[in-house]
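Down below is the structure, laid out as structure tokens.
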Amino acid sequence: MAFFGFQHVEDFVKTDKVKDLFSRVTNSYDVMNDVMSLGVHRLWKNYFIKKMLIKPGDSIVDMASGTGDIAQGVMEQYRFLNLHIMAMDLTESMLLSGKHKAIDKGIIHGIDYTVCDAENLPLPDDSVDVYTCAYGMRNVGNLEKALNEAHRVLKKDGRFYCLEFSAVENAYLKPVYDFYSFQFIPTFGKYIANDAPAYQYLVESIRKFPSQESFKSMLETAGFHNVTFENLSCGITAIHSGKK
Ligand SMILES: C[S@@+](CC[C@H](N)C(=O)[O-])C[C@H]1O[C@@H](n2cnc3c(N)ncnc32)[C@H](O)[C@@H]1O
């Protein structure tokens, strides 16, 4: 069983609901990210990309790639390294939007696009150098399965990087953050995306995602080593990394 927001549902039901949700909000997805975070998500993503160890010729999975901020950012940041990025996502419209955005930025080569589920990747064992996932793990139907798949497809010493909303660790910030999340974000969703429930899901799903320490343990259980995490903005978001 999984949580779709605060609702307890079967794993496959969560996956279907998540796919439907992201199909509905694709067109307003980028604008909503800027509005909700006052642009700060761009700083988190840039920091995440700069923190990665990327080597010449790396093959990289950008899981839950969505509209492609990470895939495109990696391509721009490490443009002379001859990378092969596989942007993967459950929701076709999100990937398509990402593809158009990449073309608008002049990124024509180096990224290919695959619609698939993080729990079942169309890739051989030990075939990928880097696996990244930004704000995707919270949405998968079965988190353990997705982590096992990430581990399976990575080569030995392959690098895993995850950026995800996490548990706020500052006692003063937490009530303010909770108030803002529950009172404002669904309202922004209502007026900007015409979809308050999608953004109610967002705030609820953040509360249901494992804490920093619990997610670290899950990564270790999936077989990763050297697992560490770093909080950004007092834990509003966190970066977990590890090695196969
Ligand atoms: C919040 S968006 C993140 C997009 C992008 N990585 C970013 O940081 O802006 C979450 C994405 O996860 C995708 N997703 C949800 N469940 C998935 C799954 N089981 N497998 C692959 N992608 C999934 C959704 O379709 C959506 O595009």
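For the reader, a short list of remarks on this structure follows.
- Residue in region 118-134 that is open to solvent by less than 10 Å² (accessible area, probe 1.4 Å) and more than 13 Å from the ligand (Cβ to nearest atom) present: yes
- Pair list, Cβ under 6 Å, 6 or more apart: region 65-85 residue of a type in the set (S, T, Y), other residue part of a loop (DSSP other than H, G, I, E, B): Y78/I54
- A Cβ distance below 6 Å, combined with a sequence gap of six or more or placement on separate chains, defines the contacts here; from region 18-36, residues that are polar (S, T, N, Q) reach residues that are open to solvent by less than 20 Å² (accessible area, probe 1.4 Å) and in a helix (DSSP H, G or I) in the pairs T26/M94; S28/A193; N33/H41.
- Here is the figure for region 179-191: residues that are open to solvent by 40 Å² or more (accessible area, probe 1.4 Å) and under 30 Å from T132 (Cα atoms) total 4.
- Neighbours by Cβ (under 8 Å, 6+ apart or cross-chain): first from region 220-244, closer than 13 Å to E164 by Cβ and open to solvent by 40 Å² or more (accessible area, probe 1.4 Å); second in a strand (DSSP E or B) and of a type in the set (V, I, T): F229/I239; E230/I239; N231/T237
Here's the yes/no breakdown for (1) among the acidic types (D, E); (2) touching a Gly at 6+ places or on another chain (Cβ under 7 Å):
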residue	(1), (2)
A87	no, yes
L90	no, no
M94	no, yes
G106	no, no
D112	yes, no
E119	yes, yes
M137	no, no
C162	no, no
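- Restricting region 135-160 to residues that are of a type outside the set (A, V, I, L, M) and assigned to a strand (DSSP E or B), the residue that is most open to solvent (accessible area, probe 1.4 Å) is K156.
- Among the residues making up region 10-59, those that are acidic (D, E), closer than 20 Å to M137 by Cα and either open to solvent by less than 20 Å² (accessible area, probe 1.4 Å) or in contact with an Asp or Glu (Cβ under 9 Å, 6 or more places away or on another chain) (or both) are D11, D30.
- F6 vs. criteria modelled with pLDDT under 95, more than 14 Å from the ligand (Cβ to nearest atom) and in contact with an Asp or Glu (Cβ under 6 Å, 6 or more places away or on another chain): yes
- Inspection of region 96-107 identifies no residue that is open to solvent by 30 Å² or more (accessible area, probe 1.4 Å), among the β-branched types (V, I, T) and within 27 Å of E144 (Cα to Cα).
- Only one entry of T91, T114, T187 meets the criterion of being out of contact with any Ser or Thr (no Cβ under 7 Å at 6 or more places or on another chain), within 15 Å of the ligand (Cβ to nearest atom) and of a type in the set (S, T, N, Q), and that entry is T114.
- Within region 105-124, residues that are touching a residue at least 24 places away in the same chain (Cβ under 8 Å) sit with their Cβ atoms under 8 Å from residues that are of a type in the set (S, T, N, Q) and within 13 Å of the ligand (Cβ to nearest atom), at 6+ positions apart or across chains, in these pairs: K105/Q72; I107/Q72; I111/Q72; Y113/S65; V115/T91; D117/T15; E119/T15; E119/N142.
The values are calculated or read from the model by the stated rules, or taken from the named source; none is laboratory data. Just so it is clear, the structure is predicted and the values come from calculations on it, not from any experiment. Note: ideal-geometry Cβ built from the backbone for every residue, glycine included; neighbour counts use all protein chains shown. The accessibility values were calculated without ligands, DNA or RNA, using every heavy atom of the protein model including side chains. Shrake-Rupley method; radii C 1.70, N 1.55, O 1.52, S 1.80 Å.
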